[in-house]
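Step one of this worksheet: look at the structure below.
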Amino acid sequence: MAERDAIPTETAAAVKLVVLDVDGVMTDGGIYYAAGPEGGTLELKRFEITDGLGIKLLQRAGIEVAFVTGRHSEIVEMRGRELGVREIHQDPAAKKLPIVRAILDRKALDWKAVAFVSDDLADMPVLKRCGLPVAVANAVPEVSAAAIWQTTRPGGSGAVREFAEALLRARGDWDTVVGSYLAEREVGADG
Ligand SMILES: [Mg+2]
């Protein structure tokens with residue numbers, strides 16, 4: 001991908017499902033291990049709070065959000081549940097294509113309806129097929145080359161929020177969605 005223009009309007013308008021990779025996209029890719037109680041191991045990941053609101057704004061615009069990751073971690077379930085993400089798929093074999101295909105079949109969507117935000121090689125099969133392939137700033141060269149849009153922010157530091165805003169702006173939905181979000185928070189204002 002060359003320079004970072006706006007997401008093409010028609011491409012953006014076709015999107016009904018935003019698929020997010022987790023490690024390196026929703027996080028900086030770091031996985032922290034700590035010795036837990038009774039000889040167990042604790043695993044920690046850091047999520048960016050502004051990405052969470054970005055996901056909520058996409059949902060508010062009627063776009064479904066899915067997590068599709070090649071590792072299994074209870075933390076991902078927790079973060080997804082907190083954000084109202086219903087499609088959470090964790091495949092330790094990192095075979096993402098059949099997972100996304102199954103979602104599309106179930107929802108009767110085609111590939112044009114899919115945006116995929118990605119960073120590494122396991123994402124390539126989905127990236128090559130989806131209507132809006134997106135790379136985060138820290139993506140490997142193959143992923144960046146296959147994307148039609150790239151965030152300036154790296155995964156775990158607002159890349160998902162940046163993409164959410166760019167997608168909603170390209171669709172002409174940003175002002176409406178933000179307006180309704182803010183209006184709901186005017187409760188208690190004196191007028
Ligand atoms: Mg990744």
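All of the numbers you see were taken from the coordinates with simple rules; none came from a lab. As the structure is a computational prediction, the values presented were derived from the model and not from experiment. FYI the Cβ positions are ideal-geometry reconstructions off the backbone, even for glycines, and counts take in every protein chain you see.
Brief remarks follow.
- Net charge, I63 excluded, C-beta distance under 10 Å - Lys, Arg +1, Asp, Glu -1: +1
- Only lysine pairs 8 or more places apart, or on different chains, with alpha-carbon atoms under 19 angstrom apart are counted in the chain, and they number 10.
- The distance separating the Cα centre of segment 84-153 from that of segment 30-76 comes to 17 Å.
- Rough spin-label spacing in nm, given labels placed 7 Å along Cα→Cβ, for E43 and D91: 1.8 nm
- Debye, to nearest 20: dipole size of the chain, +1 on Lys, Arg Cβ, -1 on Asp, Glu Cβ: 500 debye
- Relative contact order (%) - criterion: Cα under 8 Å, at least six apart; region: the chain: 28 percent
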